[in-house]
């Protein structure tokens with residue numbers, strides 16, 4: 001029960017800090033559940049996000065429900081989902097009327113400017129997390145890459161390599177997304193099929 | 001359909017069912033919901049105008065929280081007050097919660113052994129990587145404009161890589177934003193004062209352009 005309350009407040013925190021949509025949750029969630037508490041491994045988290053993407057509903061909520069379940073079962077998933085929603089409802093009900101009036105005030109303007117820049121940086125960081133799960137076979141070894149600053153050859157860990165299937169699917173998705181107006185669902189289904197077929201070779 | 005005359009309870013039910021349907025059908029969430037919201041609330045029930053929807057879209061992306069729930073709360077609020085917001089949020093939550101709960105209870109640890117299933121997951125992950133990259137680049141182009149902003153985003157990015165907690169980064173960004181906006185407005189007002197004498201130059205340019213156009217017209 002105690003754990004459920006902790007989970008609820010954790011997700012309240014994520015909800016309040018989540019400027020710029022569900023993808024912002026990725027760095028927040030990995031920092032908390034993969035790096036610090038270690039209730040999920042990175043590959044489990046990646047699979048979880050894949051499931052969240054292909055099942056209906058907002059990615060943030062899907063992820064919250066799942067992480068809650070992995071942590072504390074049924075009540076955990078309720079606590080996590082509520083944690084994500086309650087702050088939104090509180091902020092929404094109080095701000096829906098006022099925000100257009102406050103939008104030009106110094107405090108709101110500064111806050112939006114700052115958080116937006118941080119959000120862009122954190123989404124780029126989320127991209128690198130995802131690179132480690134798709135384009136590369138392992139999490140990107142930043143510590144080893146730090147050697148580049150000292151003009152030394154970085155010592156890459158065993159098993160860290162490029163994944164040809166990942167590069168191919170990622171690249172095709174980017175091109176299709178920029179050049180065509182295919183719906184996300186079609187892209188995801190195509191990628192799933194391509195992944196299954198390519199797994200026979202690589 | 002005469003929505004305006006509906007009883008309060010029916011209105012709440014309508015909100016619940018509409019958002020239930022939206023999140024049950026739309027894969028991808030967030031902004032992918034917008035066209036469906038427009039279809040249902042603007043075109044079909046005429047409870048919102050297109051302008052209100054646009055305002056709402058901007059708003060849901062400025063306040064914190066996931067976009068899907070933000071939209072539900074604001075539309076619910078607009079149509080049915082606080083109970084409306086609750087009904088809409090509940091409707092938006094029910095389908096994904098149920099679906100994920102079923103999946104989670106069958107596969108508590110997403111570690112499939114089957115080679116093809118692993119391939120499916122890997123494929124989706126790769127596609128999601130591309131999608132986040134495209135979304136991130138679009139966001140980057142919209143928000144980051146000056147050299148200083150480029151530098152700030154880069155520093156935040158480096159800090160994130162160096163395992164500084166993302167929560168801390170967002171909190172630190174708020175006072176930074178205040179300083180930045182304060183500095184910007186001060187510089188702008190200084191520039192305005194300073195350019196009072198130099199103002200003749202650009203205005204003279206536009207004058208000559210307009211007279212030039214006028215001459216062509218004649």
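Tabulated data for the structure shown
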| item | result |
| --- | --- |
| Other protein chain Cβ atoms within 10 Å, averaged over every residue that makes up B:78-87 | 2 |
| Shielding by other protein chains, A:104-114, mean Cβ within 10 Å | 6 |
| Cα-based helix-to-principal-axis angle, A:2-17 vs chain A, degrees rounded to 10 | 90 |
| Between segment B:10-84 and segment A:134-175, the alpha-carbon center distance in angstrom | 40 |
| Kirkwood-type radius of segment B:1-109, with distances r between different C-alpha atoms, in Å | 14.2 |
| Per-residue mean of C-beta atoms belonging to partner chains within 10 Å, peptide A:129-137 | 4 |
| Value of [θ]222 nm, deg cm²/dmol, for chain A, DSSP H segments ≥ 4, -39500 (n - 2.57) each, nearest 500 | -23000 deg cm²/dmol |
| Order of A:140, B:66, B:155 - criterion: other Cβ atoms within 10 Å of each residue's Cβ, fewest first | B:155, A:140, B:66 |
| Chain A: most fluctuating residue of A:174, A:78, A:129 per GNM, C-alpha cutoff 10 Å | A:174 |
| Cα gyration tensor shape of segment A:1-88, rounded if a/c is under 1.5, else prolate or oblate by comparing a/b with b/c | rounded |
| Listed peptides B:37-45, A:178-186 by packing density, highest first (mean Cβ within 10 Å) | B:37-45, A:178-186 |
| Quarter of Cα convex hull surface for segment A:106-202, i.e. mean projection, nm² | 9.9 |
| Cα gyration tensor shape of the protein assembly as shown, rounded if a/c is under 1.5, else prolate or oblate by comparing a/b with b/c | oblate |
| Among A:18, A:93, A:170, residue whose mean-square fluctuation peaks in a GNM of chain A (springs only between Cα atoms under 10 Å) | A:93 |
| Segments A:67-76, A:114-123 sorted - mean Cβ within 10 Å per residue, highest first | A:114-123, A:67-76 |
| C-alpha long axis of helix A:184-198 to longest principal axis of chain A, angle in ° | 30 |
| Residue exposure sequence - B:196, A:35, B:55 - by fewest surrounding Cβ within 10 Å | B:196, A:35, B:55 |
| Rg [Å, one decimal], Dmax [Å, integer] - chain A, C-alpha atoms | 19.4, 58 |
| Crossing angle, helix A:42-54 versus chain A [Cα axis fit, 0-90 degrees, rounded to tens] | 70 |
| Difference of contour (0.36 nm per residue) and Cα-Cα distance, residue A:160 to residue A:107 | 14.5 nm |
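Taken together, the values in this text are just the output of simple stated rules run on the coordinates, not laboratory data. Predicted model only: the values in this text are computed from it and were never measured. Please note: Cβ atoms are built from the backbone with ideal geometry, for glycine as well, and neighbour counts cover all protein chains shown.
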